[in-house]
Each structure stands twice: as structure tokens, then as C-alpha cells.
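Okay, structure first, notes after.
The values are calculated or read from the model by the stated rules, or taken from the named source; none is laboratory data. Not measured: the values here are computed from a predicted model. Glycine gets a Cβ as well: all are built from the backbone with ideal geometry, and neighbour counts include every protein chain shown. Side chains are part of the model used for accessible areas, which takes the heavy atoms of the whole protein and leaves out ligands, DNA and RNA. Shrake-Rupley method; radii C 1.70, N 1.55, O 1.52, S 1.80 Å.
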Amino acid sequence: MVNEYEIKKLNGWLENINGANNTLADIQDQYSSGIDYEDEDGEQEFTRSDMDDLFYLLCKLEKALKSEIKNEEES
């Protein structure tokens, strides 16, 4: 039997991942060279490479969630 609650929860997560990817794209447009910030240990930078890595991980998570949704729909 299909678990509608589980599918709804996974689709909600998927929507959040899509929103995060859109937000990340906006940040990349505005801060193409990276973001400088200061933490307790001193000055740090969130680079374009960090943003690219995050985008890759979010896409990987999106693919995994879509697979999980498919599995739930088939059960």
C-alpha cells in the first residue's frame, strides 16, 4: 500500500531543495567572487567553488529524493 504521508513528506523536502537551489543561484549571481565573513577564528570566505560544491550536493540529494518518492509510489 502506498504511504501517502511519506510521499507528501518527501515531496515537501524536494520543494525545499528546489528552493535552496534557486536561492543559491541568486547568491551566485550577486556574489560571483565569493562572500567574505568573519567568525570567531578570523576572516573566512565562502567561495564560488564552495557554492558549486553545495549545488552539486543539493542536486545529488534531489535525485535521491526523487528515487525515494518513486520507490514509495511503487510500494
Residue by residue through the stretch 31-40, the couplings from Karplus 6.51 cos²θ - 1.76 cosθ + 1.60 with θ = phi - 60°, in Hz, x for Gly and Pro, are 10, 4, 9, x, 10, 8, 8, 10, 10, 4
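Roughly speaking, what % of Cα-Cα pairs in the stretch 36-75 are separated by over 13 Å, rounded to a whole number? Working shown, then result.
Working: 515 of 780 pairs.
Counting pairs separated by more than 13 Å, the tail of P(r) holds 66 percent.
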With Cα coordinates, the longest principal axis of the chain makes an angle with the long axis of helix 4-30, in degrees rounded to 10, of 20 degrees
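Counting only protein heavy atoms and using a 1.4 Å probe, what share of the accessible area of the chain belongs to carbon plus sulfur, as a whole percent? Walk me through the numbers on the way to the answer.
Details: 2780 of 5790 Å².
Answer for the chain is 48 percent, counting heavy atoms of protein chains only.
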To the nearest 20 debye, the chain has a Cα-centred charge dipole, built from +1 on Lys and Arg Cβ and -1 on Asp and Glu Cβ, of 640 debye
For the chain, dividing by residue count, accessible area per residue (probe 1.4 Å) in Å² works out to 77 Å²
Long-range amide H partners of I35, meaning residues 5 or more apart or on another chain whose placed amide H is closer than 5 Å, are F46, T47
Among the stretch 1-24, those whose backbone N falls under 20 Å of a label point 7 Å along Cα→Cβ from E68 are 1-22
Ranking M51, Y37, G19 by how far each Cα lies towards the positive end of the charge dipole of the chain (+1 on Lys and Arg Cβ, -1 on Asp and Glu Cβ), the top one is G19
Taking a ≥ b ≥ c as the square roots of the eigenvalues of the Cα gyration tensor, with a/c under 1.5 meaning rounded and otherwise prolate when a/b exceeds b/c and oblate if not, the chain is prolate
The helix 48-74 Cα axis meets the longest alpha-carbon principal axis of the chain at an angle in degrees, between 0 and 90 and rounded to 10, of 10 degrees
